[in-house]
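Please read the structure below before turning to the comments.
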Amino acid sequence: MSKILIIEDDEKLRKELEIFLNKNGYEASIISNFENPLKEALEKEADLILLDINLPNIDGEYILREIRKVSNVPIIMITSKDSELDELISLNYGADQYVTKPFNIQILLAKISGLLKRSKMTDTNQNKIDCKDFILNVSKSIIEKDDKQIELTKNELKIIYFLVSKRGQIVSREDIINYLWDSESFIDDNTLTVNMKRLRTKLEEINLGDIIQTKRGQGYILK
């Protein structure tokens, strides 16, 4: 059963959405305390998030931007703002859909269903990624090359996955640290250095020691 998180300050609408989604085969939960909704949103580990832009004490677009640093969870923005500029900002920050109030709840349900199906297909297709020089097996947390395999830690997997997704581009240390950050731990600069050194040592075992290049003062690039 897919989990949907509702971040909406309108109590009536929030409750209606929760009841409706639970009746339609989803496990819906809500955030009703807006002291630290970003932390709570990350801890919930939802499969999809319904996010209002206008929230008490915090901007929903800020929450969207921060979530996108660490997660690709589908996010639908729900708002009374109907300007094209607001929609463009949300989409540029990484929103998957933008729905203005009042909305047809059946159409919203269809959007949710479509996004969840697409997300599951993406997850399945990305279990094994052909990276030209090697295969990144995400589900098993290993790198395969010819007849050899190396096992990766959680952080090593995230680092190489992020570099693969940005292949050919210089990625700063700050970008990697932000990507590695989650609700349970924070990866600082020293920890990144240790993880990167260990990853490179493992890559040397399968003759890929030079595939990650350091660009002094800029970051790293995957050849």
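Data overview
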| read-out | value |
| --- | --- |
| The stretch 92-115: number of residues that are assigned to a helix (DSSP H, G or I), β-branched (V, I, T) and within 18 Å of K12 (Cα to Cα) | 1 |
| Residues being within 23 Å of D175 (Cβ to Cβ), in a loop (DSSP other than H, G, I, E, B) and free of Cβ contacts under 8 Å to residues at least 24 places away in the same chain - total across the stretch 52-71 | 0 |
| Test: residue in the stretch 186-202 that is buried (at least 17 other Cβ atoms within 10 Å of the Cβ), under 22 Å from R65 (Cα atoms) and in the same structural domain as S139 (by TED's automatic domain parsing) | yes |
| The one condition in (1) out of contact with any Lys or Arg (no Cβ under 9 Å at 6 or more places or on another chain); (2) without any contact (Cβ under 8 Å) to a residue 40 or more places away in the chain that I30 fails to fulfil | (1) |
| Residue ID - modelled with the lowest pLDDT, chosen from residues in the stretch 165-180 that are surrounded by 16 or more Cβ atoms within 10 Å (Cβ to Cβ) and of a type outside the set (D, E) | L180 |
| Residues of the stretch 20-42 satisfying the condition of being part of a helix (DSSP H, G or I) and either under 21 Å from T79 (Cβ atoms) or at pLDDT below 85 (or both) | F20, L21, P37, L38, E40, A41, L42 |
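For (1) under 30 Å from N36 (Cα atoms); (2) of a type outside the set (D, E, K, R), each residue gets a yes or a no:
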| residue | (1), (2) |
| --- | --- |
| K132 | no, no |
| S141 | no, yes |
| L163 | no, yes |
| N178 | yes, yes |
| L192 | yes, yes |
| Y220 | no, yes |
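The values are calculated or read from the model by the stated rules, or taken from the named source; none is laboratory data. Given the structure is predicted, the values throughout are model-derived calculations rather than measurements. All Cβ positions, glycine included, derive from the backbone under ideal geometry; neighbour counts span all protein chains shown.
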